[in-house]
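Beneath this line is the structure, given in structure tokens, with notes to follow.
The values are calculated or read from the model by the stated rules, or taken from the named source; none is laboratory data. None of the values given here were measured: they were computed from a predicted structure. Counting neighbours? That spans all protein chains shown, and the Cβs are built from the backbone with ideal geometry, glycine included. Each accessible area value is taken on the protein alone, full model and side chains, heavy atoms only, with ligands, DNA and RNA left out. Shrake-Rupley method; radii C 1.70, N 1.55, O 1.52, S 1.80 Å.
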Amino acid sequence: MIVTLKAEEASQLQLVEREDINDEEDLFEAIDKLISSGINAGDVRKLQDAGIYTCNGLMMHTKKHLTGIKGLSEAKVDKICEAAEKIVNFGYITGSDALLKRKSVIRITTGSLALDELLGGGIETSAITEAFGEFRSGKTQLAHTLCVSTQDLEGLTCPPRISESVTRFCFQPNELASIYGLYANLAFLWQLPTNMKGGNGKVAYIDTEGTFRPDRIIPIAERFGMDPGAVLDNIIYARAYTYEHQYNLLLGLAAKMAEEPFRLLIVDSVIALFRVDFTGRGELAERQQKLAQMLSRLTKIAEEFNVAVYMTNQVIADPGGGVFISDPKKPAGGHVLAHAATIRLMFRKGKGEQRVCKVFDAPNLPEAEAISYLSYILIANC
């Protein structure tokens with residue numbers, strides 16, 4: 001099969017879609033700026049010890065929570081909040097300003113052209129994307145791919161020999177003769193400049209199921225024409241064993257994100273430890289409350305540091321699904337998790353190595369499906 005790609009079509013296939021931002025540091029204000037507003041440096045350090053490193057993050061906490069920090073009285077908290085309000089604007093803005101603010105959103109490629117088109121360009125920053133589905137449906141595979149595609153792909157352009165002429169890619173009948181194979185070959189051809197070592201967007205990976213495999217990153221990085229060593233160095237990884245440990249890892253992440261340019265936070269999976277640490281209906285209310293606090297923290301991280309949060313979720317059997325539903329499964333976590341996620345994606349197995357992704361819920365995307373070869377297109381040579 002021969003696929004023809006015109007120059008103007010090639011220019012639209014970008015590995016990372018983003019608007020030009022003059023100064024990304026303007027996305028948040030460091031908590032140290034409170035010192036110049038008359039706040040004691042010791043009180044600022046107490047805020048940092050509590051995991052608050054930006055004025056934006058400070059305004060996302062209630063005064064009740066802030067007074068719970070050791071050494072901060074109610075009067076001090078009032079003074080701190082008043083100073084922070086003068087530095088950051090958390091009031092009303094016009095719709096035009098909101099649209100301008102949306103230009104800072106970065107879309108990270110999934111490695112699949114069909115899936116990118118389904119998502120309007122890729123995984124969004126400043127939002128939580130939830131992927132749920134049964135085992136071996138492609139959720140963790142996508143997480144590994146995002147670890148690579150998030151990193152320094154800003155300068156990638158189509159080589160002149162491609163943009164100046166029509167390029168043809170040929171596939172054998174027994175190969176993935178499709179546009180997905182075309183996209184993978186383009187990803188291979190678009191090389192990074194030799195002076196760019198990655199680092200445009202670092203990745204934080206919180207693993208609750210023990211499924212992260214750094215050796216899987218190597219072939220994916222090579223597929224994107226990137227240095228595997230540099231890619232792995234730009235990923236920070238932590239294995240969580242309890243829901244408390246998982247939450248504490250999120251608290252410590254704020255310090256790193258305030259100092260370095262992170263673009264992606266992966267939690268794989270968000271619900272696993274909660275299902276282990278809380279059992280029975282008697283602990284269900286407490287579990288959902290703790291889960292809500294965890295999800296609230298993820299939302300704040302996404303908006304505070306303009307990072308994309310990609311979290312995987314498990315499914316549970318739905319006995320009330322009805323006899324007419326062939327696959328009666330629903331995502332775990334209940335309504336608490338459903339309301340927290342900005343975009344919900346449902347993954348399921350297709351024929352053979354096909355994986356089907358469906359937009360289950362999104363504020364700006366229509367309900368649709370995309371078929372991709374997640375297990376092959378990102379690793380194997382097509």
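For every residue, the table says whether it meets (1) under 30 Å from F90 (Cα atoms); (2) open to solvent by 10 Å² or more (accessible area, probe 1.4 Å); (3) of a type outside the set (D, E).
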| position | (1), (2), (3) |
| --- | --- |
| D233 | no, yes, no |
| R263 | yes, yes, yes |
| R281 | no, yes, yes |
| L284 | no, yes, yes |
| K300 | yes, yes, yes |
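Residue by residue through the stretch 342-367, note down the ones that are of a type in the set (A, V, I, L, M, F, W, C) and open to solvent by 30 Å² or more (accessible area, probe 1.4 Å). So that I can check it myself, show each step before the final result.
Pass one, the stretch 342-367, residues of a type in the set (A, V, I, L, M, F, W, C): 343, 345-347, 356-357, 359-360, 362, 365.
Of everything in the stretch 342-367, those that are of a type in the set (A, V, I, L, M, F, W, C) and open to solvent by 30 Å² or more (accessible area, probe 1.4 Å) turn out to be M346, F360, L365.
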task: Looking at (1) under 14 Å from the mean Cα position of the chain (by Cα); (2) within 26 Å of M346 (Cα to Cα), find the lone condition where E304 falls short.
output: (2)
- request: Any chance you could count how many residues in the stretch 32-45 are part of a loop (DSSP other than H, G, I, E, B) and open to solvent by 80 Å² or more (accessible area, probe 1.4 Å)?
  value: 1
- prompt: part of a strand (DSSP E or B) and either within 25 Å of Y247 (Cα to Cα) or more than 24 Å from the chain's Cα centre (by Cα) (or both) - does that describe any residue in the stretch 46-60?
  reply: yes
query: Of the residues that make up the stretch 250-271, is at least one more than 17 Å from the chain's Cα centre (by Cα) and over 21 Å from A308 (Cβ atoms)?
result: no
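One line per residue, one yes/no per condition, for (1) of a type in the set (V, I, T); (2) out of contact with any Ser or Thr (no Cβ under 9 Å at 6 or more places or on another chain); (3) modelled with pLDDT under 90:
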| residue | (1), (2), (3) |
| --- | --- |
| I218 | yes, yes, no |
| N234 | no, no, no |
| A238 | no, yes, no |
| Q246 | no, no, no |
| A254 | no, no, yes |
| V270 | yes, no, no |
message: Considering only residues that are farther than 18 Å from M257 by Cβ and open to solvent by 60 Å² or more (accessible area, probe 1.4 Å), which ones fall in the stretch 46-68?
response: K46, T62, K63, K64, H65, G68
